[in-house]
């Protein structure tokens, strides 16, 4: 699947222009987000390693290797515009988010397993997400060529993202260990500040680049929606496969499906805007994913609960 020539030309030229103040705000938002993630990490979150090892390790492998691999294969089959593929690969390399924990709970899944997997993928992402993003976009020829055309410097990317991800997470973990009572009080306000700041920046970016989005056209918009839904469906499928391989129980199954199907799209949008040229196609894919995966998660919750009701009446 390749975008039409005119749409392709529009995507080639479309960048999200943030402005220096917004870029500083993005960096600050990401710093605070990772700091709040660190303050939420507890040793208890990793107890699933010994308590429930098979689903846990299946979920880790599915999240860190399975989803990026499936995304790469999907890009090979569909052959989307390189900026679209870039957004897909970035989303696939990001960790699960706290939304997955909430949806797992509402779907009557194993919330403890979901939290453990979110903690693990977040910890891994802080130190390795820049490397995994760089790996997958470099082995997929269209995205590698795209970044080469714009003079992308991989070392600058690694240094920038490592500083924005790993440094605040390390600071947060040290602060949590040394001042647990104080950090427990500031955790929620920090998370609220980060979310609010990110939301404001995204709204400002949309307003500033509205004409550019409108120039993409409705045809491309619906194409992006179709690709996003298919990509997200495959992500849930990776979670399903992880459950089958590990012979997970029902609650664990649901946690695995939610955890791998629900990605931290907020982190993905900050990475594309702050460290990867602000490609409009990639940002559009990530933004659509951030909306759709919640809709899909709510649909799954309805299916899970309907299944529970049928079992109760058998």
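Tabulated data for the structure shown
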quantity: Odd one out for residue 147, checked against (1) within 29 Å of residue 297 (Cα to Cα); (2) crowded, with 19+ Cβ neighbours inside 10 Å; calculated: (1)
quantity: Criterion: modelled with pLDDT under 90 and surrounded by 14 or more Cβ atoms within 10 Å (Cβ to Cβ) - qualifying residue of 294, 203; calculated: 294
quantity: Cβ-Cβ under 8 Å pairs, at least 6 apart or on other chains, the range 218-230 side within 13 Å of residue 290 (Cα to Cα), far side modelled with pLDDT under 90 and surrounded by fewer than 19 Cβ atoms within 10 Å (Cβ to Cβ); calculated: 225/292; 228/292; 229/292
quantity: Segments classed as helices (runs of 4 or more DSSP H), wholly inside the range 68-186, with at least 3 members that are closer than 17 Å to residue 274 by Cα and either under 15 Å from the mean Cα position of the chain (by Cα) or in contact (Cβ under 8 Å) with a residue 24 or more places away in the chain (or both); calculated: 82-93, 111-139, 154-178
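Matching residues to (1) surrounded by 23 or more Cβ atoms within 10 Å (Cβ to Cβ); (2) under 19 Å from the mean Cα position of the chain (by Cα); (3) modelled with pLDDT under 95; (4) part of a helix (DSSP H, G or I):
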site: 219; (1), (2), (3), (4): no, no, yes, yes
site: 225; (1), (2), (3), (4): no, yes, yes, yes
site: 231; (1), (2), (3), (4): yes, yes, no, yes
site: 237; (1), (2), (3), (4): no, yes, no, yes
site: 248; (1), (2), (3), (4): yes, no, yes, no
site: 253; (1), (2), (3), (4): no, no, yes, yes
site: 260; (1), (2), (3), (4): yes, yes, yes, yes
site: 266; (1), (2), (3), (4): no, yes, yes, yes
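The values are calculated or read from the model by the stated rules, or taken from the named source; none is laboratory data. Just so we're clear, the structure is a prediction, and the values are computed from it rather than from any experiment. Positions of Cβ are generated from backbone atoms using ideal geometry, with glycine treated the same way; all protein chains shown enter the neighbour counts.
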